[in-house]
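One structure is given below, encoded as C-alpha cells.
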C-alpha cells in the first residue's frame, strides 16, 4: 500500500459522482462558457425532460457523436459533437431509439433532423465524454442554463451535481497517473502456482486494474508482458465469439514456461465501452454489422481504451523495458508513447473457429492487427 499518495483531488470525485448520477438517470450540470444541464439519453424519463424544459434558457436539444449522427444520415459538418434540434412530436421512447441503434429495426423512421449551426463547445464535448465515463451510450439531452443563480438553484433545490469541462476532459489522463495500490496476495493459478495478484485503484474511486505477476519477471531479459482488457464473456464464460479467453490462458502459460511475466488485466470491458455496450455491439453483429461498424453505429470510436494505466503500473513494478505479447500495434505505440520501451513484440495468435473467424478477419483488415 502506498501511504504517500496525495489526497483525492475534488475534481476526480466530482466527475465520478456525476457519472454515477447519469447512470441513475439523474441530470448533471456541466459548467462552461454556456452551462449545460444534461441527462444521458438512454436513461431519460418524462420527469427529467420536464425538469430540463423548466430550467432551460432555450429549448432542449440532443447531442450526438459524429459517428452516431453519420449512422442516422445527419450531416454534422465535420464536427465531432453534433447538436440536433428536437422535433416537438418526439416522445422519450423515440429519443432513446435515436441514441440506441439496437432499436433501429423496431423504429426505422427517424427524422428529418435539423442540426444547430454553430461552433463546437467544450461543455458539449465534455457532456458526451461524461456519458462515456459512465459507460453509457454517448448521447445526451441538453439544455442551456441561463445564469449562475439558476445553476445554484438547481444544485440546492434538486441536489444536482456540477462539473467543469476541464475536469471531465482530463479525467482519464489524470486518473491513469494517480493509481493507488490497494492489495496484493499470492494466488496460485493452474499451471502458474507462483503468482501474485496486485490491484490498483484510481484515486477517483473508479474500477480497479489488476497486475497478474507470475514468478520473477525480467531477470536477464526484459519482462514478458501482456496487456489484456477484461472480457467477462470470453475470460469467464469461454465465449466463442472472441479469442480473449485463449489469449489470457495462453499468456499465463507462456509466462509460466519462462518462470516470469506480467499480465496487466485492465478494466476495459468491450474495448472500453463497458459490458452493456459490448452486448449492444454483439446485437448489431447479429444483424450483419462487423465489430468496427457496430461500435461506430453505437456512437463510440472503434476503440475507446486508454493504455496509460498499463504504462503506469509497469513503472510502479520497476519495468521500463518489456517484451510485449500482442497482435495489436497500437498497444506497442501506446506503451512507447507513455514512456515504456517495447524491446520486442511477440505474436499472440490462436486458431480461429467458425464463431470468431469473422471477428478476427475484421481485426486484421480494419483494425490493423497483425494476424
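Taking the listed residues 55, 40, the one that is touching a strand residue (DSSP E or B) at 6+ places or on another chain (Cβ under 9 Å) and farther than 22 Å from residue 170 by Cα is 55, with no other qualifying. So is residue 118 out of contact with any helix residue (DSSP H, G or I) (no Cβ under 6 Å at 6 or more places or on another chain), assigned to a loop (DSSP other than H, G, I, E, B) and either touching a residue at least 60 places away in the same chain (Cβ under 8 Å) or surrounded by fewer than 18 Cβ atoms within 10 Å (Cβ to Cβ) (or both) or not? Considered against the rule, which asks whether it is out of contact with any helix residue (DSSP H, G or I) (no Cβ under 6 Å at 6 or more places or on another chain), assigned to a loop (DSSP other than H, G, I, E, B) and either touching a residue at least 60 places away in the same chain (Cβ under 8 Å) or surrounded by fewer than 18 Cβ atoms within 10 Å (Cβ to Cβ) (or both), residue 118 comes out as yes. Scanning region 332-371 for residues that are at pLDDT 95 or above and either surrounded by 13 or more Cβ atoms within 10 Å (Cβ to Cβ) or touching a strand residue (DSSP E or B) at 6+ places or on another chain (Cβ under 7 Å) (or both) turns up 332, 334, 335, 336, 338, 340, 341, 342, 343, 344, 345, 346. Scanning region 61-77 for residues that are within 20 Å of residue 162 (Cβ to Cβ) and surrounded by fewer than 23 Cβ atoms within 10 Å (Cβ to Cβ) yields a count of 1. Which of the strands (runs of 3 or more DSSP E) contained wholly in region 189-235 include at least 3 residues that are free of Cβ contacts under 8 Å to residues at least 24 places away in the same chain? Filter on region 189-235 gives 195-202.
Filter region 232-290 down to the residues that are closer than 24 Å to residue 102 by Cβ and touching a strand residue (DSSP E or B) at 6+ places or on another chain (Cβ under 6 Å) and list them by number. Matches in region 232-290: 267, 268.
For every residue, the table says whether it meets (1) assigned by TED's automatic domain parsing to the domain that holds residue 90; (2) in contact (Cβ under 8 Å) with a residue 12 or more places away in the chain; (3) surrounded by fewer than 19 Cβ atoms within 10 Å (Cβ to Cβ); (4) not in a loop (DSSP other than H, G, I, E, B).
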position: 108; (1), (2), (3), (4): yes, no, yes, no
position: 111; (1), (2), (3), (4): yes, yes, yes, no
position: 126; (1), (2), (3), (4): yes, yes, no, yes
position: 130; (1), (2), (3), (4): yes, yes, no, yes
position: 136; (1), (2), (3), (4): yes, yes, no, no
position: 140; (1), (2), (3), (4): yes, yes, no, yes
position: 143; (1), (2), (3), (4): yes, yes, no, yes
position: 146; (1), (2), (3), (4): yes, yes, yes, no
position: 149; (1), (2), (3), (4): yes, no, yes, yes
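Can you spot a residue in region 283-296 that is closer than 22 Å to residue 221 by Cβ, modelled with pLDDT of 95 or more and assigned to a helix (DSSP H, G or I)? No: zero hits. Each residue in region 272-282 was checked for being over 13 Å from the mean Cα position of the chain (by Cα) and in a loop (DSSP other than H, G, I, E, B), and 0 pass. Every listed requirement among (1) surrounded by fewer than 21 Cβ atoms within 10 Å (Cβ to Cβ); (2) under 17 Å from residue 366 (Cβ atoms) is met by residue 317 save one, (2).
Of everything in region 320-331, what is surrounded by fewer than 18 Cβ atoms within 10 Å (Cβ to Cβ) and touching a helix residue (DSSP H, G or I) at 6+ places or on another chain (Cβ under 9 Å)? Give them in sequence order. 320, 330 - these are the residues of region 320-331 that are surrounded by fewer than 18 Cβ atoms within 10 Å (Cβ to Cβ) and touching a helix residue (DSSP H, G or I) at 6+ places or on another chain (Cβ under 9 Å). Among the residues of region 87-104, just one is buried (at least 18 other Cβ atoms within 10 Å of the Cβ) and part of a loop (DSSP other than H, G, I, E, B), namely 100.
The values are calculated or read from the model by the stated rules, or taken from the named source; none is laboratory data. Treat the numbers as computed from the prediction; the structure is a model and nothing was measured. All Cβ positions, glycine included, derive from the backbone under ideal geometry; neighbour counts span all protein chains shown.
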